[in-house]
Amino acid sequence: MNKTEGKPVVRDPFGRFVKGSRGGRKGQKPEKAKADFKAMIREELAALGARTLHEWAQENPTEFYKIAARLIPQSREISGPDGNPIEHREIREYSSEELYRILEAEAVEQVSRDPPLRNGRP
């Protein structure tokens, strides 16, 4: 049996590590890092305000559409409103106002799912 940081390393008969014998992964979990990054982006956008975002979007439409396309859910419902077929539209077919409404709705939904920030941390 080897020792790592004072804790014995236990292996099964096939040479695999036995669960809990090595102490697990160290450092921040990827999900927490992703949540922290999203929180930082939300805080920065809140500090900059909608006007700054709008000005940047006007100056950089290609970059804005790339970001907007990633934020818009790919699929939410199997049928459209009132059971009608889903209307397919390319991202460039949306007006800026429609994209802003979609992004705002997604941000509100995301904020309602995420825990509130305390001292800059979730």
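The values are calculated or read from the model by the stated rules, or taken from the named source; none is laboratory data. This structure is a prediction, so every number in the text was calculated from the model and none was measured.
Of the listed requirements (1) more than 15 Å from the chain's Cα centre (by Cα); (2) at pLDDT 80 or above, residue 86 misses just one: (2). Can you confirm whether residue 79 is more than 20 Å from the chain's Cα centre (by Cα) and at pLDDT below 85? So residue 79 fits the description; yes.
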